[in-house]
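Participant: Got a structure for you, questions after.
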Amino acid sequence: MTVQQAISNIHAPKGMTSIISGVMSGDYSVLPHDKGVDADLAKAKEMVAQSKKQLDECKSDWSYWSILSDLEYWKAIENILQAAVLVGENNLPDIPKPDMEGLVVMDAISKVSKYGDAILSEAKKTSKV
């Protein structure tokens, strides 16, 4: 699997409460996104750090879940890109796309996180580094 295939298999899942509350507050960062598609490792690390800071500063339940989704999404992107460093951009392990259909947001976030972890873990097993 290629880096782009792996990254395109995930997005930052957002719950309906976060979306509704965020949009009503003028915060459109709560919308689901796949902004990591063209990111490099430096960008992913930057976004992980930014999301951690935002999570520490958040003041509402709806923003907490939205930011946590972004954090775990960017961690997964970072893991995918780190795996590519180990095994090559076109040689990532074939980890099945996470099925997030019908899940509550916390379970969907977990699936994204586990997907990134699995790709990096498998890459480490096959890496000669």
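The values are calculated or read from the model by the stated rules, or taken from the named source; none is laboratory data. It should be emphasised that the depicted structure is a prediction, and the values quoted were computed from it without experimental measurement. Quick reminder, even Gly has a Cβ in these numbers, built from the backbone with ideal geometry, and neighbours come from all protein chains shown.
Participant: Going through the stretch 8-21 one residue at a time, which ones are assigned to a helix (DSSP H, G or I) and either polar (S, T, N, Q) or under 16 Å from Ile109 (Cβ atoms) (or both)? Spell out the reasoning first.
Facilitator: First, pick out the residues of the stretch 8-21 that are assigned to a helix (DSSP H, G or I): 8, 16-21.
Those that are assigned to a helix (DSSP H, G or I) and either polar (S, T, N, Q) or under 16 Å from Ile109 (Cβ atoms) (or both): Ser8, Met16, Thr17, Ser18, Ile19, Ser21.
Participant: When you look at Val85, is it in contact (Cβ under 8 Å) with a residue 24 or more places away in the chain and surrounded by 15 or more Cβ atoms within 10 Å (Cβ to Cβ), yes or no? Explain how you work it out, then say what you get.
Facilitator: Values: in contact (Cβ under 8 Å) with a residue 24 or more places away in the chain: yes; surrounded by 15 or more Cβ atoms within 10 Å (Cβ to Cβ): no.
The answer is no for Val85.
Participant: Criterion first (without any contact (Cβ under 8 Å) to a residue 24 or more places away in the chain, over 20 Å from Ala6 (Cβ atoms) and out of contact with any Cys (no Cβ under 8 Å at 6 or more places or on another chain)) does Leu71 satisfy it?
Facilitator: Numbers: without any contact (Cβ under 8 Å) to a residue 24 or more places away in the chain: yes; over 20 Å from Ala6 (Cβ atoms): no; out of contact with any Cys (no Cβ under 8 Å at 6 or more places or on another chain): yes.
Answer is no for this residue.
Participant: Among what's in the stretch 1-49 and is under 20 Å from Tyr64 (Cα atoms), at pLDDT below 90 and of a type in the set (Asp, Glu), pick the residue that is surrounded by the fewest Cβ atoms within 10 Å (Cβ to Cβ).
Facilitator: Among residues in the stretch 1-49 that are under 20 Å from Tyr64 (Cα atoms), at pLDDT below 90 and of a type in the set (Asp, Glu), the one surrounded by the fewest Cβ atoms within 10 Å (Cβ to Cβ) is Asp34.
Participant: Something else: Checking Lys53 against (1) basic (Lys, Arg); (2) surrounded by fewer than 20 Cβ atoms within 10 Å (Cβ to Cβ); (3) touching a strand residue (DSSP E or B) at 6+ places or on another chain (Cβ under 9 Å): exactly one of these is not met. Which one?
Facilitator: (3)
Participant: Collect the residues in the stretch 56-82 that are polar (S, T, N, Q) and surrounded by fewer than 21 Cβ atoms within 10 Å (Cβ to Cβ), keeping them in residue-number order. If you could, list the steps in order and put the result at the bottom.
Facilitator: Start the filter on the stretch 56-82 by keeping residues that are polar (S, T, N, Q), which leaves 60, 63, 66, 69, 79, 82.
Those that are polar (S, T, N, Q) and surrounded by fewer than 21 Cβ atoms within 10 Å (Cβ to Cβ): Ser60, Ser63, Gln82.
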